[in-house]
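Right, one structure below, let's go through it.
The values are calculated or read from the model by the stated rules, or taken from the named source; none is laboratory data. This structure is a prediction, so every number in the text was calculated from the model and none was measured. Here the Cβ positions follow ideal geometry from the backbone for every residue, glycine too, while neighbour counts run over all protein chains shown. These accessible areas exclude ligands, DNA and RNA; they are computed on the full protein's heavy atoms, side chains included. Shrake-Rupley method; radii C 1.70, N 1.55, O 1.52, S 1.80 Å.
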There are 2 protein chains.
Amino acid sequence: MSLNGHGPERRDLRIAEMIVTPVACPDPPLLNHHGVHEPTFLRAIVRLRTADGLEGLGEGPGGGLFVQELRAAAKHVIGADPYQLERLRVLIGRTPRVFSAVESACLDLVGKATGRPVYELLGGPVRRRVPFAAYLFYKEEGDDDWGAALDPESLVRQAERFHERYGMTVFKLKAGVLDPWEECATMRLLRERFGPKAGLRIDPNAAWSVETSLRVAERLRDLDLEYLEDPTAGIEGMAEVAKRTPIPLSTNMCVTSFSHVASAYRAGAVQVVLGDHHGWGGLTAFRELGVVCKTLHWGLSQHSNSHLGISFAAMIHAGAAIPNLIYASDTHYPWNPADIVNETERFTFRDGAIEIWDAPGLGVTIDEDKLAAAAEAYERRGSSLARDDVGAMRERNPDFLPLIPKW
Amino acid sequence: MSLNGHGPERRDLRIAEMIVTPVACPDPPLLNHHGVHEPTFLRAIVRLRTADGLEGLGEGPGGGLFVQELRAAAKHVIGADPYQLERLRVLIGRTPRVFSAVESACLDLVGKATGRPVYELLGGPVRRRVPFAAYLFYKEEGDDDWGAALDPESLVRQAERFHERYGMTVFKLKAGVLDPWEECATMRLLRERFGPKAGLRIDPNAAWSVETSLRVAERLRDLDLEYLEDPTAGIEGMAEVAKRTPIPLSTNMCVTSFSHVASAYRAGAVQVVLGDHHGWGGLTAFRELGVVCKTLHWGLSQHSNSHLGISFAAMIHAGAAIPNLIYASDTHYPWNPADIVNETERFTFRDGAIEIWDAPGLGVTIDEDKLAAAAEAYERRGSSLARDDVGAMRERNPDFLPLIPKW
């Protein structure tokens with residue numbers, strides 16, 4: 001096809017091969033309401049290859065069931081054109097995390113074929129520095145150099161280290177672990193330590209009743225939180241809390257798909273949604289969530305689960321391209337001792353932010369040795385079940401139960 | 001940049017030149033609540049060129065003010081990269097129709113540079129045949145071969161002609177012209193003539209009061225309308241009607257931007273939004289409107305104003321790519337005696353639908369002679385003001401006033 005002599009042939013990008021590699025990666029013993037992170041977290045790496053050997057990368061949650069679903073999607077993926085995402089979304093979008101891993105690899109392919117970074121395929125960058133929050137966890141002593149953090153003071157030392165190493169000035173506490181009043185004391189110490197400009201968030205994963213949530217909100221009222229994330233369970237519970245506190249409520253638990261939006265809006269359940277490309281069905285869907293949030297006058301923030309560099313690159317592209325993503329994004333990445341991509345130097349935080357790069361696609365490539373080692377670690381793990389924080393905690397304390405509400 | 005030896009250089013697509021050409025094109029004397037179409041309708045054609053001569057096309061409403069705004073946008077457009085749409089949206093998006101014309105030309109450029117049709121840049125086609133509705137107008141006798149249509153019987157003959165020529169089986173009546181009871185009689189005749197499977201819509205452009213709207217709705221209740229479009233003015237007025245009729249209400253008047261959505265949703269004002277790439281701020285924004293509508297359980301249809309082939313191509317690409325655009329789209333195109341693009345054979349209706357094509361970008365090119373003639377017609381027109389249906393009607397009847405409500 002020639003246009004004024006300038007147009008190229010339409011390049012055949014149809015997907016000829018789909019390789020799914022489940023991996024296990026070291027994880028510190030981070031605590032949350034559900035228990036404790038197991039020694040490894042699981043991910044699945046997707047590689048889509050065209051007939052002429054161009055490769056696109058995707059990453060999603062791990063565990064045998066997800067890997068099975070991902071492999072089952074291959075019958076729709078093989079032969080598909082990576083530009084034609086909507087038909088793939090319809091065919092495999094029933095499982096948004098499966099579609100997301102495939103979509104990421106498709107966008108990586110298109111980016112590489114056109115010499116364009118993924119953020120340009122999402123509308124282009126509106127910011128070149130993508131800010132991240134320090135994700136603070138109460139934790140046990142582990143095979144890491146972070147040490148234990150089981151009370152307010154040691155948690156603040158962890159935050160100081162995040163600030164010193166990465167320049168972060170926004171802090172999110174994973175709560176629902178200690179007694180709520182100790183967690184409130186932790187928040188107060190953080191405010192005292194980092195001053196009035198620091199961004200503060202607390203997220204007990206719905207471990208509190210409505211009444212406890214309201215008492216916590218009162219206790220934290222003068223701390224100028226960015227938001228209180230999922231204090232309690234469910235749209236109606238959140239709405240009861242939202243009615244009676246001026247602190248913005250955020251969620252990645254009661255609004256986790258487009259189908260929850262209308263009810264949550266009518267109920268007045270939340271003010272901020274934490275989206276992500278994994279759970280919402282791809283980078284394009286996360287971008288669309290941004291439009292929905294803006295339209296409903298909701299804020300938008302970015303949620304994280306334990307992840308490797310392919311997902312991190314995608315999160316950074318999203319952060320650069322989604323206009324109303326003005327909150328610093330969550331990421332578990334600093335907790336990882338290792339990665340399976342080569343370009344880890346891209347993930348250098350300066351003043352808490354990561355600068356985007358100009359490489360085509362996602363801008364990361366596989367370190368084959370590291371991938372092979374992580375795949376071997378998955379096989380060695382002996383079980384293909386997903387991460388089980390509850391089980392890991394019950395090995396320490398057979399009576400442990402992640403009650404909702406717990407307080 | 002080489003990736004496994006397969007990646008291309010990033011091609012420089014920065015915009016070096018922006019040419020805006022206002023045009024005037026013949027228009028039949030179609031009637032509406034505001035008056036009558038003038039003998040010409042105005043459009044503005046945008047051509048964006050890269051340094052190496054690739055050209056992207058856009059089209060927007062005409063008239064001097066719009067042309068001035070479009071030309072004023074050049075300072076942001078020149079030097080911009082056509083992939084980086086979000087920053088252009090922020091810089092010139094205050095006037096969505098200006099951004100839309102530029103965005104269309106940017107997508108045309110990207111499509112030509114990659115050998116991909118615009119619908120692939122919007123997520124890929126979910127349908128290859130894009131259905132359109134016959135846009136029925138009461139009209140005067142004119143310089144066209146359609147004849148006058150000033151009562152129910154002649155309007156139904158017009159519909160028969162649409163059906164015979166184009167195979168259309170969905171009919172939209174532009175109402176607000178005759179007494180509402182005559183317009184109801186027209187709808188009943190259409191249902192009798194085309195049987196129970198035909199799609200029927202009526203749109204008086206908010207010419208009716210709430211009470212008249214409800215009486216009309218009762219009179220049309222057994223006709224199984226697809227929707228009743230803008231019977232009355234404003235979100236609150238529409239909500240009053242919506243409460244008391246089972247006929248779905250649609251709008252392109254009370255919800256015309258994302259900022260109207262939240263209030264309209266809370267009020268329960270509408271069930272279907274007619275969006276379009278012109279008014280909503282580009283093809284990407286229209287696609288996003290689709291996500292918002294789906295999220296709020298609203299239907300989505302496509303609105304039309306008088307337009308030429310560049311806009312029509314864009315509307316067809318949108319129709320192919322937006323998943324929940326399941327209503328037949330509106331178009332004024334069959335009313336045009338002429339166009340300024342070469343590829344008019346693409347716009348051949350079969351069974352009321354247009355089949356998408358595989359050409360890169362929008363898939364249309366300028367017929368330079370026809371463009372020059374239409375530009376000359378604009379200059380000859382003597383006024384740069386936008387189309388004035390009210391003024392044209394007041395030349396016929398000096399007492400004409402487009403009252404809202406009129407009935």
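Quick look at the numbers
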{"read-out": "Cβ-Cβ FRET estimate between B:Asp143 and B:Leu65, R0 fixed at 30 Å, reported to 0.05", "value": "0.60"}
{"read-out": "Dipole magnitude of the protein assembly as shown, debye to nearest 20 (Cβ charges: Lys/Arg +1, Asp/Glu -1, about Cα centre)", "value": "580"}
{"read-out": "Whole-Å semi-axes of region A:230-366's equivalent ellipsoid (Cα gyration tensor)", "value": "30, 15, 13"}
{"read-out": "Violating pairs (Cα-Cα greater than 19 angstrom) within the set B:Lys174/B:Lys406; A:Lys172/A:Lys197; B:Lys139/B:Lys197; A:Lys174/A:Lys406; A:Lys294/B:Lys294; B:Lys139/B:Lys174", "value": "B:Lys139/B:Lys197"}
{"read-out": "Region A:31-126 - Rg (one decimal) and Dmax (whole number), Cα, Å", "value": "15.1, 48"}
{"read-out": "Estimated 222 nm signal from helices in chain B, with DSSP H stretches of n ≥ 4 weighted -39500 (n - 2.57), rounded to 500", "value": "-11500 deg cm²/dmol"}
{"read-out": "Taking the C-alpha atoms of the protein assembly as shown, convex hull volume expressed per residue in Å³", "value": "165"}
{"read-out": "Net length gained if the chain between B:Val90 and B:Arg350 were fully extended (0.36 nm per residue, minus Cα distance)", "value": "89.6 nm"}
{"read-out": "Only Lys, Arg (+1) and Asp, Glu (-1) charged, at Cβ; chain B dipole about Cα centre in debye", "value": "1180"}
{"read-out": "Max mean-square fluctuation residue, GNM over chain A, Cα-Cα springs under 10 Å, options A:Arg157, A:Arg127, A:Arg244", "value": "A:Arg244"}
{"read-out": "Label spacing, shortest first and in nm, from B:Lys243 to its equivalents in the remaining copies (7 angstrom along Cα→Cβ)", "value": "2.2"}
{"read-out": "Acute angle (nearest 10 degrees) that the helix A:309-321 long axis makes with the longest principal axis of chain A, alpha-carbon atoms", "value": "90"}
{"read-out": "Relative contact order %, region A:32-108, counting alpha carbon pairs below 8 Å whose residues are six or more apart", "value": "36"}
{"read-out": "Translational diffusion coefficient (Stokes-Einstein; Kirkwood radius from C-alpha pairs) of chain B at 4 °C, 1.567 mPa s, in µm²/s", "value": "59"}
{"read-out": "Between 0 and 90°, nearest 10: helix B:283-295 axis offset from chain B longest Cα axis", "value": "50"}
{"read-out": "Alpha carbon centroid spacing (whole Å) that separates region A:312-360 from region A:123-172", "value": "14"}
{"read-out": "Choice from B:Leu91, B:Leu30, B:Leu57 with maximal GNM fluctuation in chain B (Cα, 10 Å cutoff)", "value": "B:Leu91"}
{"read-out": "Within-12-Å neighbourhood charge of A:Ala269 [Cβ basis; K, R +1; D, E -1]", "value": "-1"}
{"read-out": "Copy-to-copy label separations for B:Ser154, where each label sits 7 Å from Cα toward Cβ, in nm and ascending", "value": "8.9"}
{"read-out": "Selection from A:Pro61, A:Val130, A:Ala72, by position along the positive dipole direction of region A:54-157 (Cβ)", "value": "A:Ala72"}
{"read-out": "Residue-count net charge about A:Ile92 - beta-carbon cut-off 12 Å; Lys, Arg +1, Asp, Glu -1", "value": "+3"}
{"read-out": "Among B:Ser301, B:Ser257, B:Ser311, residue whose mean-square fluctuation peaks in a GNM of chain B (springs only between Cα atoms under 10 Å)", "value": "B:Ser257"}
{"read-out": "Cleavage-rule hits, GluC sites (Glu not before Pro), region B:1-95, DSSP coil, Cβ neighbours within 10 Å at most 14", "value": "B:Glu9"}
{"read-out": "List of region A:86-100 residues, accessible area with partners at least 20 Å² below that of the chain alone (1.4 Å probe)", "value": "A:Glu86, A:Arg87"}
{"read-out": "Accessible area in the full protein assembly, largest first, 1.4 Å probe, for B:Asp144, A:Asp224, B:Asp203", "value": "A:Asp224, B:Asp144, B:Asp203"}
{"read-out": "Rounded FRET efficiency, nearest 0.05, which uses the C-beta distance separating A:Arg129 from A:Arg244 and R0 of 51 Å", "value": "0.85"}
{"read-out": "Low-density loop positions, chymotrypsin sites (Phe, Trp or Tyr not before Pro), region A:253-312 - DSSP coil, at most 12 other Cβ in 10 Å", "value": "none"}
{"read-out": "Between B and A, accessible area buried - total, square angstrom, nearest 100, 1.4 angstrom probe", "value": "4100"}
{"read-out": "Amide N proximity, region B:27-57 versus B:Asp151 label position 7 Å along Cα-to-Cβ, cut-off under 19 Å", "value": "B:31"}
{"read-out": "Between helix A:96-114 and chain A: long-axis angle, C-alpha atoms, 0 to 90°, nearest 10", "value": "50"}
{"read-out": "Estimated vicinal HN-Hα couplings, Hz - region B:69-83 in sequence order (Karplus 6.51, -1.76, 1.60; Gly, Pro = x)", "value": "5, 5, 5, 5, 6, 4, 5, 8, 7, 4, x, 7, 9, x, 6"}
{"read-out": "Evaluated over region B:121-362, the Cα radius of gyration and Dmax, each in Å", "value": "17.4, 50"}
{"read-out": "Coarse-grained scattering of region A:59-212 at q = 0.11, 0.13, 0.16, 0.17 Å⁻¹, given as base-10 log I(q)/I(0) from a Debye sum over alpha-carbon atoms", "value": "-0.70, -0.86, -0.95, -0.97"}
{"read-out": "Å² of accessible area per residue within region A:1-142, as computed with a 1.4 Å probe and no ligands counted", "value": "32"}
{"read-out": "P(r) tail fraction, region B:181-237 - alpha-carbon pairs more than 14 Å apart, %", "value": "52"}
{"read-out": "Computed lengthening from B:Glu395 to B:Glu343, 0.36 nm per intervening residue step minus Cα-Cα distance", "value": "15.0 nm"}
{"read-out": "Inter-part distance where region B:33-61 and region A:269-291 are each reduced to a Cα centre, Å", "value": "35"}
{"read-out": "For A:Leu403, inter-copy label distances in nm, listed shortest first [label point 7 Å out on the Cα-Cβ vector]", "value": "7.0"}
{"read-out": "Karplus-derived 3J(HN,Hα), 6.51/-1.76/1.60, for each residue of region A:182-190, Hz, glycine and proline x", "value": "6, 5, 5, 5, 4, 4, 5, 5, 4"}
{"read-out": "Net charge of Cβ neighbours under 13 Å - reference B:Lys174; Lys, Arg +1; Asp, Glu -1", "value": "-3"}
{"read-out": "Residue-by-residue Karplus 3J(HN,Hα) for region A:222-237, coefficients 6.51, -1.76, 1.60, Hz, glycine and proline x", "value": "7, 8, 6, 5, 5, 6, 10, 9, 6, x, 9, 8, x, 4, 6, x"}
